[in-house]
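Here's the structure we're looking at; comments come further down.
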């Protein structure tokens, strides 16, 4: 597999009453396996929309998204869900943990959805890695923001995804907690050889990735490499 | 200081985008109040109509009636009454219609005088009533004539005489009762009735004496004075005032039932109010947190939402009252087959007033339960969503509301049932049911958590775990669905029991034709006729009528004067029909003493056998002396035994049985019981009997049972119509309860979707959760229904209790299916929309 994610001439338009608003216009790029990439841009530039389309959370108006050899445009929501479950990990700015499940149960879900028998063991191991083994039976409301994001990190890696999408992963955290989450994210990413796509405002965080795509007005403004791929 | 203008404005602005969400809230109120107003309007109108129509229903100011003519001494009293007088004899008899070669069991009424004095006997042609002065004329029930194609001018044979049908009877004064279904009324002149040969010793004749009294005559002092004298002779006095009371009493059961329906709808409506307001408040939590952050006091925020709820609740109550007033127009149509009077359908302002007051009151109380916590929503909610209550300490206002609800319920039930104790029992029953359902919910959440099957499949575990996870709806759904199921199932079981108990009477090999009024010498011919139709003679019983003159060595007069007497008047003050035989029949059992052996020689003591309930009412035991007057002949006997008699079997049953060898020569008539294989044979046999023995009455029990079943079918229909109110409100409660859970589950479902759950998995999780909840709620509800219907059947209605397993199975499956379907429909949103769209909305 030469590319893990290919985006070709992607356009997304939202309809609001009788007016239409084009959020993404003719966006194209490709990512190699193991690569780390940041999507940056001002508010309203279409970052989160692009991430959602790349991860198969939404359908494009035109153009195509090929994720892990699957042409997402042609897939039903269920088929896209299956692609997500097998290949994709997520981290959101506001953590998006299931409030009624404990930390351990939250982490176990992707593996359980996949029918894995070792879900519990795998989840506990990951919680151990993010330093929350002793909080595994706590509900999200009983955890701090940083702890919740670490649980989300553990969950994101639970199915050994090929690609991880992170939407402002440190946006809701203070500097030191943000730093800890950042370190964890990159070290787990490296350890597991996962492709990483981060949407962020934080140029410092973006600088830690190998490549930065800058969006402006729904179009790719620049696509630059910060480091030489390993 | 409360800034009402600000609160009013904010309440208005805040509600603009969310009014749709309060539709459920309003529908609960509308249906609950509609049921209450409809039923109360009907009850008020019924009461007014009873007051207005009592005179025309009774037809006279004073009526004396009984199964024997008035005695000479009482006759003197009656003769002294001023005003106008009329008499009527009525009896059940066979009629033969030669034109259609049809025989029919009829209620024959012989009229003398200008009865009715109030109201009218409606006939077609309208002047046909005048024909009753013609000794050859008869008036026949219109419905019966229509049904069998009988025309005016046709002849009708009654006993030994033929009459011509002079007109159709459009109403009757025998009051609406079951008999009308199988014994249509026929009127003739009284003098003509006496010539039919049907009125003779042993005939079951009812004697009625009607008096129209001058306005100045005070009837109550007169009846108070002479009531006992008439009762001692087994005669009944009826007045218009008494008729009003009797009618009101007669409708007390109907009222209780209707009130129960109103109560059920209202209670379900209350649950609907509480759960829909809870949903509303939950969706408002982010706004409330913002208001609080911006400096609004908890109290003011609470007032904003209270105002919204009260205004919409008030509108709901008004709509409910209007709907109820419209529905009450239908009720009299539904009940017309059971009511002897026409119920008007005017707008009942008292009922509307009550509906409005009660509606506003309960809306406020039940809305306060979920609204009060609004005061304590922390502004911190804006920063973090918490599940725990915002404040741990007790909220006394909340407890006060609970207390007010219980007190309000008790007051309402007290008002409905007219008895504090009954109200208390109902309130207690409801509280016990609530607590039971709540306890079951707790037990389930505990049990599922404690014995969680960790090895089961993911979806099943997810569904199961939803029962105990934070914000679970187990208790809310179990209480609302369970209570709804319990109430509706009880209604259903009781209705089924009524029909089952009636149906059983006609089952299998039970005899179904009874012939009575047979003279002794007719018996041989009648037996031969019966055998020629290949019908079995199941029972052939001689009957002798007599009266009790004393017991335990004292005369009846002595006993009547004795205020310490324990014997009940009904038991001794009646004409007793006894038989004589020397053995028990298959449905009797001797409880004490020995069953009378045939008397060996004239002059030996006579030992009789009494039915146990009769012996108890008489307060006599084995060995006690009882004396009788057997149609003029005094006869002293001793109680030889008491018997238990199975009254559910279709046989002739006797309170008193004499031994053989005593009454053989006394004036008597015979009863013959047989079993006909089908209605066609019954009809042919009946016609043959009536032609050969005009004085003999043939009662076809199958047709009586059919008439009873018809009436019960109509009653069921009414019950079902009324139950629709409860079902509809129950359904709304169900939908609002499930919407509440949707709110909890939607975010989870979206996140699961994001993490790769398929539609099938999401639907399976929902189906598991709702199927489990539905199963538990329906099972607990049905259990409560079984207990309550057993209690009702055993202690209130005295019915044999059966469990209609099939029907219960159907109810169970239906409830579970509805819950699963609504639950799955709830999940549709998640399946249809893209996860990103929902995540962005920050559900």
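Values for this structure:
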item	result
Helices (runs of 4 or more DSSP H) (entirely within region B:214-326) containing at least 2 residues that are at pLDDT 80 or above and in contact with a strand residue (DSSP E or B) (Cβ under 7 Å, 6 or more places away or on another chain)	B:219-232
Residue within region B:386-395 that is more than 14 Å from chain A (Cβ to nearest Cβ), modelled with pLDDT of 80 or more and in contact with a helix residue (DSSP H, G or I) (Cβ under 6 Å, 6 or more places away or on another chain) present	no
Residue in region A:127-149 that is farther than 30 Å from residue B:454 by Cβ and either part of a loop (DSSP other than H, G, I, E, B) or within 12 Å of another protein chain (Cβ to nearest Cβ) (or both) present	yes
Subset of region B:772-802 [in contact (Cβ under 8 Å) with a residue 40 or more places away in the chain and outside any helix (DSSP H, G or I)]	B:797, B:799, B:800, B:801, B:802
Verdict on residue B:180 being at pLDDT below 80 and in a helix (DSSP H, G or I)	yes
Residues within region B:803-816 that are loosely packed, with under 14 Cβ neighbours inside 10 Å and either touching a helix residue (DSSP H, G or I) at 6+ places or on another chain (Cβ under 8 Å) or in contact (Cβ under 8 Å) with a residue 60 or more places away in the chain (or both), tallied	0
Number of the exception - residue B:628 against (1) buried (at least 17 other Cβ atoms within 10 Å of the Cβ); (2) part of a helix (DSSP H, G or I)	(2)
Residue in region A:172-186 that is within 13 Å of chain B (Cβ to nearest Cβ), assigned to a loop (DSSP other than H, G, I, E, B) and under 16 Å from the mean Cα position of the chain (by Cα) present	yes
Failed criterion for residue B:423 (all others in (1) farther than 20 Å from residue B:745 by Cα; (2) buried (at least 18 other Cβ atoms within 10 Å of the Cβ); (3) within 14 Å of chain A (Cβ to nearest Cβ) hold)	(3)
Elements of type helices (runs of 4 or more DSSP H) in region A:1-114, at least 1 residues being within 14 Å of chain B (Cβ to nearest Cβ) and farther than 22 Å from residue A:167 by Cα	A:77-87, A:103-113
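Each row is one residue, and each column tells you yes or no for (1) without any contact (Cβ under 8 Å) to a residue 24 or more places away in the chain; (2) more than 14 Å from residue A:219 (Cβ to Cβ); (3) within 13 Å of the chain's Cα centre (by Cα).
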| site | (1), (2), (3) |
| --- | --- |
| A:30 | no, yes, no |
| A:37 | no, yes, yes |
| A:41 | no, no, no |
| A:49 | no, no, yes |
| A:55 | no, yes, yes |
| A:64 | no, yes, no |
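The values are calculated or read from the model by the stated rules, or taken from the named source; none is laboratory data. Remember, it's a predicted structure, so these values are computed and weren't measured experimentally. Quick reminder, even Gly has a Cβ in these numbers, built from the backbone with ideal geometry, and neighbours come from all protein chains shown.
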